[in-house]
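Everything on this sheet refers to the single structure shown next.
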Amino acid sequence: MAQLSLFDDRSTNAPLASRLRPETLADYVGQKHLLDKGKILRQLIDKDQISSMIFWGPPGVGKTTLARIIAGRTKASFVEFSAVNSGIKEIKEVMEQAEQNRFMGLKTLLFADEIHRFNKAQQDAFLPYVEKGSIILIGATTENPSFEINSALLSRCKVFVLKALDETDLTELLTHALTSPKGFGMTEIAIEETHLRAIARFANGDARTALNTLEMAVLNGEIDGSGTIHVNNEVLAQCMNRRSLLYDKNGEEHYNLISALHKSMRNSDPDAAVYWLCRMLDGGEEPLYIARRLVRFASEDIGIADSQALQVAVAAYQACHFLGMPECDVHLTHAVVYLSMAPKSNALYVACENAKKDIRELPAEPVPLQICNAPTALMEELDYGKGYIYAHDTEEKLSKMKCLPENLADKRYYLPTREGNEKAVKEQLEKILAWKRS
């Protein structure tokens, strides 16, 4: 446990991420869904109506920084706790000081980093002081607070979900690091924009990782006669422990590679698909990004021709999440080969796109009354639910009741193919439609 000043000295010897820690919302990068003008958290901060809250999000997205900014805006005494070195005794000492501050009209903002690591007794020690308003508790956690924080404490805190920073956010942050006097603004550094984007992708939403990687690259760059530091591909690759996926200015190579993987699988070419997969992994592509594309492919290009494909793709995503690189490469290979060899059908994709097109271009049709619920007597009088046929009550387990709006009554969206398991689905659907027409 340590009580920190918001204006603690950040010397040039401090890590880059520490030197660049923003002190105002204007300098804060990311979390626009919470901090843009008009958003709930921004309004609470601007109106100085902060109450106890939990920040839930992955590492390096600015949970601690945001807590410190809030403390500065609310003019509160800022106290930071760590579950590692703060026991019940230390918590009670700080709570007593906070209680004295409250009688003097001073706020105490207590920041509990990794609050999920506090045991039940430690969390319970916060509770009475949160209830009395002696402290404003801000907890930060990378774990689901529903499972890791006592329900009594959680019920008194508002949970805000912080998202991983996207590539644009991280590239903006890295560019700022190169120009800010607190960063490398006083040093001439030659680094291409493609290098910055490669670092941003490598960081996978973590600002701290992005800044640490940039700092390592600069410190290991080559210095020419004029004192300019040059960051080249070799240096950057060493800093990221892998060959860098250095895309061009438009990110073309990134999209070329994912396109090559996708089209190789669609063309049932497992050798090409595995090659492009490994090219992406070798270049530093985030495995979860590849796994997400495989999940999409499983329904877009295979669908009901082999519904097992979606299960394989989702399982590969989970395996990547559990293990990460380098172990998860074989799971991605498993999925890529399976998807490549599976029968192909884009019938689900076509059905979805055609339905969306009609929704965009045609008037919004009312739900047919026969498939509306009638929870009130008035709705029954207005014929809600009139004519509804419960399919399970029929011998055929079917009815000729219309479920599409009248103007779309004969519209067909799903047109199954004869590929794989979808052949049986097509035959079954044709029998159903023939029975309904009879």
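Counting charges near His33 (Lys, Arg +1; Asp, Glu -1) among other residues having Cβ under 11 Å from its Cβ returns a value of +3.
Relative to its residue count, the chain spans a Cα convex hull of 222 Å³ per residue.
Rounded to the nearest 10 degrees, the inclination of helix 120-132 to the longest alpha-carbon principal axis of the chain is 80 degrees. Here segment 368-424 is treated with +1 on each Lys and Arg Cβ and -1 on each Asp and Glu Cβ, and its dipole about the Cα centre works out to around 320 debye. Each of Gln370, Gly387, Ile359 was scored by the projection of its Cα onto the charge dipole of segment 337-410, and the greatest displacement toward the positive side belongs to Ile359; charges sit on the C-beta of Lys, Arg, Asp and Glu. Ligands, DNA and RNA are left out, and with a 1.4 angstrom probe the accessible area of segment 318-434 is 70 Å² per residue. Quick one: compute the contact order of the chain, relative version, from alpha carbon pairs under 8 angstrom and 6+ residues apart, as a percent. Computed value for the chain: 11 percent relative contact order. Phi angles of segment 286-303 translate, via the Karplus equation with coefficients 6.51, -1.76, 1.60 and θ = phi - 60°, into HN-Hα couplings of 5, x, 5, 5, 4, 4, 4, 5, 5, 4, 4, 4, 4, 9, 6, 10, 10, x Hz per residue; Gly and Pro are given as x. Neighbours of Arg73, meaning other residues whose beta-carbon lies under 9 angstrom from its beta-carbon, give a summed charge of -1 when Lys and Arg score +1 and Asp and Glu score -1. Segment 363-438 has equivalent-ellipsoid semi-axes of 29, 16, 10 Å, by the square roots of 5 times the alpha carbon gyration tensor eigenvalues, sorted largest first.
Relative to the longest principal axis of the Cα atoms of the chain, helix 207-219 runs at roughly 60 degrees. Output the 0 to 90 degree angle, nearest 10, between the alpha-carbon long axis of helix 270-282 and the longest principal axis computed from the alpha carbons of the chain. Result, in degrees: 20.
Would you mind classifying segment 298-438 by shape? Square roots of the alpha carbon gyration tensor eigenvalues, ordered a ≥ b ≥ c; an a/c under 1.5 is rounded, otherwise it is prolate if a/b is larger than b/c and oblate if not. Note, shape of segment 298-438 comes out prolate.
Take Cys352: with every protein chain present and a 1.4 Å probe, its accessible area is about 70 Å². Residue by residue, segment 424-432 carries 3J(HN,Hα) couplings of 5, 5, 4, 5, 5, 5, 5, 5, 4 Hz when phi is fed to the Karplus relation 6.51 cos²θ - 1.76 cosθ + 1.60 (θ = phi - 60°); x denotes Gly or Pro.
Overall, the accessible surface of the chain at a probe of 1.4 angstrom is composed of carbon and sulfur to the extent of 52 percent. In the chain, the DSSP-assigned H stretches of four residues or longer account for a calculated mean residue ellipticity at 222 nm of -14500 deg cm²/dmol, using -39500 (n - 2.57) per stretch and the full residue count as denominator.
With contacts taken as Cα pairs under 8 Å and at least 6 residues apart, segment 307-438 reaches a relative contact order of 22 percent. Across segment 267-324, the mean sequence separation of Cα contacts (distance under 8 Å, 6 or more residues apart), normalised by length, yields a relative contact order of 33 percent. Here's the picture: charge each Lys and Arg Cβ at +1 and each Asp and Glu Cβ at -1 in the chain, and of Gly183, His33, Ser259 the one pushed furthest to the positive end of that dipole is His33. Of all DSSP bridge pairs formed entirely within the chain, close to 15 percent run antiparallel.
Of the residues Ile136, Leu398, Pro343, the one whose Cα sits farthest towards the positive end of the charge dipole of the chain is Leu398 (charges of +1 on Lys and Arg Cβ, -1 on Asp and Glu Cβ, taken about the Cα centre). For the chain, a crude dipole built from +1 on the beta carbon of Lys and Arg and -1 on the beta carbon of Asp and Glu, taken about the Cα centre, is about 960 debye to the nearest 20. From the square roots a ≥ b ≥ c of the eigenvalues of the alpha-carbon gyration tensor of segment 141-270, which class results: rounded (a/c under 1.5), prolate (a/b over b/c), or oblate? Judged from the Cα gyration tensor, segment 141-270 comes out oblate (a/c at least 1.5, b/c at or above a/b). Calculated accessible area for segment 179-246 comes out at 51 Å² per residue, all protein chains present (probe 1.4 Å; ligands, DNA, RNA ignored). For segment 59-166, dividing the convex hull volume of the Cα atoms by the residue count gives 95 Å³ per residue.
The values are calculated or read from the model by the stated rules, or taken from the named source; none is laboratory data. These numbers come from a predicted model, not from an experiment. Note that each Cβ is placed from the backbone with ideal geometry, even for glycine, and that neighbours are counted across all protein chains shown. All accessible areas refer to the heavy atoms of the entire protein, side chains included, with ligands and DNA or RNA removed. Shrake-Rupley method; radii C 1.70, N 1.55, O 1.52, S 1.80 Å.
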